Ligand SMILES: [Zn+2]
Ligand SMILES: [Zn+2]
């Protein structure tokens, strides 16, 4: 047998000297030395395990991004100016803080007057949620 004759291994498709091929019980065929020693199997397992090991990092990254987006939304919501309403005792009027410029003015929620902020002239939002 020519020791220098290299043949292809049916298991790993690699080439190795023909004389080193051995019958492997698991492969049920002759395989190259690295397959026979289980090296190829180990490599395959490593390759197979690698994406799995990397996977938990991905969702963690997504979570972080989600958390970040959520935080941004929360900040946005917090910074969204909103009309502040204080009831003026003994009257049907309320003290309304303009949601844009924060200027406080008396507002009649029944007649919906004034319709605009006297300071910045922005339209007073419809205070649907407001309850007297
Ligand atoms: Zn092989
Ligand atoms: Zn205003």
Practice item. Tell me which residues, restricted to segment 111-132, are at pLDDT below 80 and more than 16 Å from ligand 2 (Cβ to nearest atom). Key: 128, 129, 130, 131, 132
Point to revise | Members of segment 92-110 that are at pLDDT below 90 and surrounded by fewer than 14 Cβ atoms within 10 Å (Cβ to Cβ) | key: 92, 102, 110
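The values are calculated or read from the model by the stated rules, or taken from the named source; none is laboratory data. These numbers come from a predicted model, not from an experiment. All Cβ positions, even for glycine, are placed from backbone atoms using ideal geometry, and neighbour counts span all protein chains on display.
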